[in-house]
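What follows is a single structure, written as C-alpha cells, with notes after it.
The values are calculated or read from the model by the stated rules, or taken from the named source; none is laboratory data. If you're wondering where the values come from, they're calculated on a predicted model, not measured in any experiment. Neighbour counts run over all protein chains shown; Cβ positions are idealised from the backbone, glycine included.
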Amino acid sequence: MSKIAILTDSSSSIYNVEHSYDNLFSLDIPCFIGDEIYKDFETKGDNVFYEALKQTDRVPKTSQPSVGETLTMYEKIKSLGYTHIIYLPISKELSGTYQNGFLAKDMIEGIEIDIVDTRTTVSILGSMVFEACRLSRLDFDSQTIINKVLKLREGTGYYVTLNDLTSLVKNGRLSNAKSMLANLLKLKPVIALTKEGKLVNEKAVRTYKAAIREVIEKVALEVDQHKGVVHLAYTENTSDKDYALKVIKDRLPHMKIEIFTLPATVVAHVGLQTLAVGYVNYLI
C-alpha cells in the first residue's frame, strides 16, 4: 500500500498556517544579508529576517535548498515509511529549487518521487500544497493528486505592487525590469505572477493606493465569486493591508478573504513595502 508524503519549500509560507497534516514536509529557501544566513522559518518565522532587513542597506539575496539538503529530506521521508513523494516547489522560473530536486532524485532509490513544475509560489503554492495533503488523506493515488492540483493551479491568479522597487530590480526578479527602470522608479508597478510562473510588470500607475486598487480590480474580474477565495498578503505594512482589505470588501462584499504575511524568501526580492492580492478558484 502506498504512503504519500507532500513536500514543498518555504516560499509557500505554509509554516504560517496551522494545519494537522503529518505527511507535509518543507525545505527552507535560505535568505542572506551579507554573510548572515536566515532560515529555519518553521520555528523562527519571518520576523527575524524582517527586522534584519530594516537595519541594513545591503541587498538581500536568496539561494535554494542544496542538492545535499534535498537528498537529506528525501532520505528522512523514506525513513518514515513513505513510499512516494509529491514535491511541489517554487516555480522553476524563479528559483533553482526545482532543478536541484531532480539532481537529488537521481541519488536515492527505494522511493518514488514526482517533482511538479508548479509555475507558482507564495500562498497560491500553499493552496496547492494543502489541496494535495487533503487529497492524500482521502487516499487518492499520486497521479490523481498531481492532476487535481495542477487543475487547481489553472484557476489562480496573483498580483503584486510595491512602494519601493530597489530590491526587486537589483535582484533581477522582474522580467523586462531594465528597460522600464527609469519609468518604474517614478511610478508604482502592477506585477503579475504569470501562468508560466514568471513575475512580469503589466503596467505602472502614479500612486501606491492606485496600484493597490488596480491589483484588487484585476482579482475581482478573474475570481469566481461562488467558488473562489481571495488572498491578501503583506509584510508589516498594516495600514496598507487595512486599506486593501476595505477595498476588497467593498468590491467583493460576499467573498471569503484569507490574509497572509509574505514569506521571507519573497520579501528578500520585493522588499518590505509590498502588498499582494491573489485568488484561488476551488473546483468543488
In region 24-57, residue surrounded by the fewest Cβ atoms within 10 Å (Cβ to Cβ) [restricted to those that are of a type in the set (Gly, Ala, Ser) and more than 16 Å from the chain's Cα centre (by Cα)]: 34
Qualifying residue in region 68-82 (condition: in contact (Cβ under 8 Å) with a residue 60 or more places away in the chain, outside any loop (DSSP other than H, G, I, E, B) and either touching a Cys at 6+ places or on another chain (Cβ under 7 Å) or under 17 Å from residue 118 (Cα atoms) (or both)): no
Single unsatisfied condition, residue 253 versus (1) out of contact with any Phe, Trp or Tyr (no Cβ under 9 Å at 6 or more places or on another chain); (2) not in a loop (DSSP other than H, G, I, E, B): (2)
Flag if residue 195 is of a type in the set (Lys, Arg), touching a strand residue (DSSP E or B) at 6+ places or on another chain (Cβ under 6 Å), modelled with pLDDT of 90 or more and under 21 Å from residue 269 (Cβ atoms): no
Scope region 198-225; condition within 17 Å of residue 154 (Cβ to Cβ) and at pLDDT below 95; matching residues: 198
Some residue of region 152-159 being among the charged types (D, E, K, R), within 19 Å of the chain's Cα centre (by Cα), within 23 Å of residue 17 (Cβ to Cβ) and surrounded by fewer than 23 Cβ atoms within 10 Å (Cβ to Cβ): yes
Count of region 248-269 residues which are of a type in the set (A, V, I, L, M, F, W, C) and in contact with an Asp or Glu (Cβ under 9 Å, 6 or more places away or on another chain): 3
Residue within region 242-261 that is surrounded by 18 or more Cβ atoms within 10 Å (Cβ to Cβ) and closer than 21 Å to residue 59 by Cα present: yes
Region 5-18 - residue that is modelled with pLDDT of 95 or more and not in a helix (DSSP H, G or I) and, of those, surrounded by the fewest Cβ atoms within 10 Å (Cβ to Cβ): 7
